[in-house]
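Data block below; observations after.
The values are calculated or read from the model by the stated rules, or taken from the named source; none is laboratory data. Since the structure is predicted, the reported quantities are computational estimates derived from the model, not experimental observations. Using ideal geometry, Cβ is built from the backbone for each residue, glycine included, and neighbour counts are taken over all protein chains shown.
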Amino acid sequence: MSGRMCQPSLLSHRLPNNPFHSLAFSLAFAVMSSFEAPALADIRVVNAQGEHRMGDRDTREDAIRLASEAAKRNALEQVAVYLESVTVVNDMDVTKDEIRTYTAGLVLVLDQRITTTLDGDVVVVKVDLLAQMDTEEVAQAIAALRENEDARVQLAALKQENEQLQEELNAVNQELGNASTPDQVQQAAQKRKEIINRVQSNAMVSQAWTNWVLVSPSGVPQALLNSASGLSPTNPHIAIARQVITTRQPPAPRPPGHPGTTRPRMPSHELVPPPGAPGEVRTLNEIIHRTPHAQPQSAPQPAVQPRRGYGAGGERH
């Protein structure tokens, strides 16, 4: 059993040749005009893919979650590589590692599609993500997060732990493929599920820190922390976030060298209806998974229908 990511592309001011996307893209600029955004904002659209080739011991649920995590890592890598070359970020003397630490909560997910195909007798589950970022707003947000010691330290710790968990996930995938008894299969499968839950729980905690600093400094992002706890009840990062966020006020951030700009904030414009409840905007960190009911298909079949909302798990219905 193995997981493999396809090579994605990074697009600039361009969406797929689709009338719906074209209309939505036009609407984006109308919405943006109502905010105090920089006049030369650079909207970047990221198209990232991740896939998982199912083994005999894999479930469709785990395959979708593994493919989704691969797609998110791919999207963030594209964002980090691009932002490292952008002047507005480069002038801040920020490293690619810092960019990876801060940006997961700043990339808006416009669409997520799940397809299932057959490659010979192997079932392949693929997740395609369409995401967006505004480089000017991301630069301001990175500046704000760097100035907040609580958020900076915790986001770095969460990123480091997730990298370690990814190594453990690769190892347990091999264990599962090599398991020779039912007990070994069950133990490896359960361990893998717990690791995926912890990775996604950490991502939700990261999003809570980002929201606290950039969106609602006077409020506690309880929904995100509750979701994180539901995925991994023993996650110690949740207790730390709750303690700090409920007892401290983040310092007012200073936007980097652009006279007249407002305080850093999460991107507020949309290109398409967000993958969530009406009026809800999801980021990469907020995509979690719920058990799907559809069966694998023998030919490419989108597991989602256009323009419908996502459930709590990130898969459309």
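Some observations on this one:
- Screening region 84-111 for residues that are aliphatic (A, V, I, L, M) and more than 23 Å from Trp212 (Cα to Cα) and picking the one that is modelled with the lowest pLDDT gives Val88.
- Of the residues Val125, Val86, the single one that is farther than 27 Å from Ala241 by Cα, touching a Ser or Thr at 6+ places or on another chain (Cβ under 9 Å) and either surrounded by fewer than 18 Cβ atoms within 10 Å (Cβ to Cβ) or of a type in the set (S, T, N, Q) (or both) is Val86.
- Residue within region 145-162 that is over 23 Å from Ser201 (Cα atoms) and either among the small types (Gly, Ala, Ser) or surrounded by fewer than 23 Cβ atoms within 10 Å (Cβ to Cβ) (or both) present: yes
- Number of the condition not met by Glu137 [criteria: (1) surrounded by 18 or more Cβ atoms within 10 Å (Cβ to Cβ); (2) within 22 Å of Ile240 (Cα to Cα); (3) not aliphatic (A, V, I, L, M)]: (2)
- A search for C-beta distances below 6 Å between a residue of region 120-139 that is closer than 20 Å to Val94 by Cβ and any residue that is of a type in the set (Asp, Glu), counting only pairs 6+ apart in sequence or on different chains, returns Thr135/Asp42.
- Selected residue (criterion: surrounded by the most Cβ atoms within 10 Å (Cβ to Cβ)) from residues of region 177-230 that are in a helix (DSSP H, G or I) and among the β-branched types (Val, Ile, Thr): Val205
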